[in-house]
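All remarks here apply to the structure that follows.
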Amino acid sequence: MNPLLSYKVYTCVTHHLPTVFMCVRIALVEKQLEQTSHLIDLSKGEQRSKEYLGINPNGVVPTLVDKGMVVIDSTDIVNYLDTTYEPNSLRPDSEAEMQAMYDWMHMAKDNHLSIKTYMYYKLGATGISEEEPTEYRKNQTYDKALLAFHEHCSTHGFSQEDVDKATAVLDDCFAKMDVRLKDHD
Ligand SMILES: N[C@@H](CCC(=O)N[C@@H](CS)C(=O)NCC(=O)O)C(=O)O
């Protein structure tokens with residue numbers, strides 16, 4: 001059995017707390033759930049180890065392992081926690097607001113590669129090293145767009161045009177957030 005299946009939440013060692021983990025952490029606290037964190041060192045590429053790819057085929061954090069159930073992607077983790085555990089529902093009451101909640105969650109998922117493009121460019125990150133792509137390509141069979149992102153990043157890097165496109169997606173998202181937050185606390 002993959003030894004990582006005995007832990008609970010996989011997060012990462014960074015100098016900042018990634019938003020993808022922050023929302024999972026907030027959900028865990030709201031749902032009054034204990035957690036055991038296991039740190040994955042992104043700077044050492046631990047997220048692409050064979051064992052970690054065995055529980056999260058995308059090779060990213062966070063991952064939740066709950067009673068043998070593996071959930072990947074922060075939005076699905078939050079949704080799983082909220083629908084599985086009773087106290088303090090995180091969901092709105094009306095159908096319309098529920099739909100809006102899912103639209104925001106899907107947008108967060110859809111914007112992921114734009115956020116990554118922007119971050120990698122700004123941080124000058126190279127992602128996968130020259131030796132890694134073959135293994136990663138063999139093991140990461142789940143998210144083709146993410147695979148293409150890493151391959152593009154390790155072979156060409158990002159151009160100003162790539163970053164401008166990513167920035168436009170994020171600007172659009174922030175503009176929608178401004179509208180939504182205008183009349184809400
Ligand atoms: N859509 C994913 C994104 C996860 C993600 O990209 N996590 C970053 C940390 S902020 C990561 O693991 N990066 C490592 C890498 O790209 O190799 C989620 O919401 O869980």
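How high is the relative contact order of the chain? Use alpha-carbon pairs under 8 Å, at least six apart in sequence, and give a whole percent. Don't skip to the answer; put the middle values down first.
Details: 191 pairs, mean separation 37.2, N = 185.
Normalised by residue count, the contact order of the chain is 20 percent.
Relative to the present Cα-Cα distance, how much length would full extension add between residue 163 and residue 85 at 0.36 nm per residue of separation? Before the final figure, lay out the partial values.
On the way: separation 78, 0.36 × 78 = 28.08 nm, distance 3.97 nm.
Going from the current span to full extension adds 24.1 nm.
R0 = 22 Å: FRET efficiency of residue 107 with residue 19, Cβ-based, nearest 0.05? It would help to have the intermediate numbers written out before the result.
On the way: r = 14 Å, r/R0 = 0.61.
That gives a FRET efficiency of 0.95.
For the stretch 88-185, just the Cα atoms, rotate onto the principal axes and tell me the three extents in Å, largest first.
Projected onto its principal axes, the Cα set of the stretch 88-185 covers 50, 30, 19 Å.
Please report the antiparallel percentage of the DSSP beta bridges confined to the chain, to the nearest 5.
Values: 6 of 11 bridges.
The antiparallel fraction comes to roughly 55 percent.
Check the straight Cα-Cα distances from residue 67 and name the lysines below 19 Å, setting aside those fewer than 8 residues away within the same chain.
Within the straight-line limit of under 19 Å, residue 67 reaches these lysines: 8, 31.
Given the options 49, 60, 96, identify the residue whose Cα lies farthest towards the positive end of the charge dipole of the chain (+1 on Cβ of Lys, Arg; -1 on Cβ of Asp, Glu).
49
Once every DSSP H run of n ≥ 4 in the chain is given -39500 (n - 2.57) and the sum is divided by its residues, what mean residue ellipticity at 222 nm do you get, rounded to the nearest 500 deg cm²/dmol?
Details: 8 runs with 99 residues, N = 185.
Calculated mean residue ellipticity at 222 nm is -16500 deg cm²/dmol.
Cross-link candidates for residue 144: which lysines have Cα within less than 25 Å, leaving aside residues fewer than 8 places away along the same chain?
List returned: 44, 50, 109, 116, 122, 165.
Provide the gained length on full extension for the span residue 69 to residue 49, in nm with one decimal, where the gain is 0.36 nm per separating residue minus the Cα-Cα distance. Provide the component values of the computation, followed by the final result.
Values: separation 20, 0.36 × 20 = 7.20 nm, distance 2.00 nm.
Separation in residues times 0.36 nm, less the Cα-Cα distance, equals 5.2 nm.
For the stretch 158-172 and the stretch 73-125, what is the centre-to-centre distance using only Cα atoms, to the nearest Å?
Cα centroid to Cα centroid, the span is 21 Å.
For the chain, divide the Cα radius of gyration by the Kirkwood radius and give the resulting Rg/Rh value with two decimals. Can you show the working numbers first?
On the way: Rg = 17.5 Å, Rh = 17.9 Å.
My calculation puts Rg/Rh at 0.97.
List the GluC sites (Glu not before Pro) within the stretch 39-137 that fall in a DSSP loop (any state other than H, G, I, E or B) and whose Cβ has at most 13 other Cβ atoms within 10 Å. Mind showing how you got there, number by number?
On the way: sites: 46, 51, 95, 97, 130, 131, 135; in loops: 130, 131.
Here the GluC sites (Glu not before Pro) that fit, given the DSSP loop and packing criteria, are 130, 131.
Placing +1 at every Lys and Arg Cβ and -1 at every Asp and Glu Cβ, with all other atoms neutral, what dipole size does the chain have around its Cα centre, in debye to the nearest 20?
Details: 18 positive and 29 negative charges, 94 e Å.
Rounded to the nearest 20 debye, it is 460 debye.
Bear in mind these aren't lab numbers, they're just calculated from the coordinates by the rules spelled out. On a predicted model such as this, the values are computed, not experimentally measured, just so you know. As a convention, Cβ positions derive from the backbone with ideal geometry for all residues, glycine included, and neighbour counts pool all protein chains shown.
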